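Please read the structure below before turning to the comments.
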Amino acid sequence: TPNRIGGSIITEIFEASNSERILCILLSDSSQEDDVVWQAKCSGEYTVRSGYRLLNTDPMMTIPNADDRTIYKKLWNTPVPSKIKIVTWRLLHN
């Protein structure tokens, strides 16, 4: 029989339409633990070298320049709630 998510908590937290969708999700029958795998290296293990190579070859991985660092420093030192800072930071990072 399929393993499904328990319904009582889901229906208490979510609206009916969303809870119906969530309750339709089948769970894995496997009791095996998840593994963390570093996809940038064939062995799946992270090394500083593989991280550095990814940083230098992937155009999506960028290091902020001096102007960016100034903006971020001002942002984190602004006297506003942390959640505002985090949302602003995320907006700056698309």
Keeping all protein chains in the complex and leaving out DNA, RNA and ligands, what accessible area do you get for Glu15 with a 1.4 Å probe, in Å² to the nearest 10? 130 Å²
Can you tell me how much longer the chain between Tyr72 and Ile86 gets when fully stretched, taken as 0.36 nm per residue apart minus their C-alpha distance, in nm with one decimal? 4.0 nm
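The values are calculated or read from the model by the stated rules, or taken from the named source; none is laboratory data. No experiment lies behind these values; they were computed from the predicted model shown. Keep in mind that these areas ignore ligands, DNA and RNA; they rest on the heavy atoms of the full protein, side chains included. Shrake-Rupley method; radii C 1.70, N 1.55, O 1.52, S 1.80 Å.
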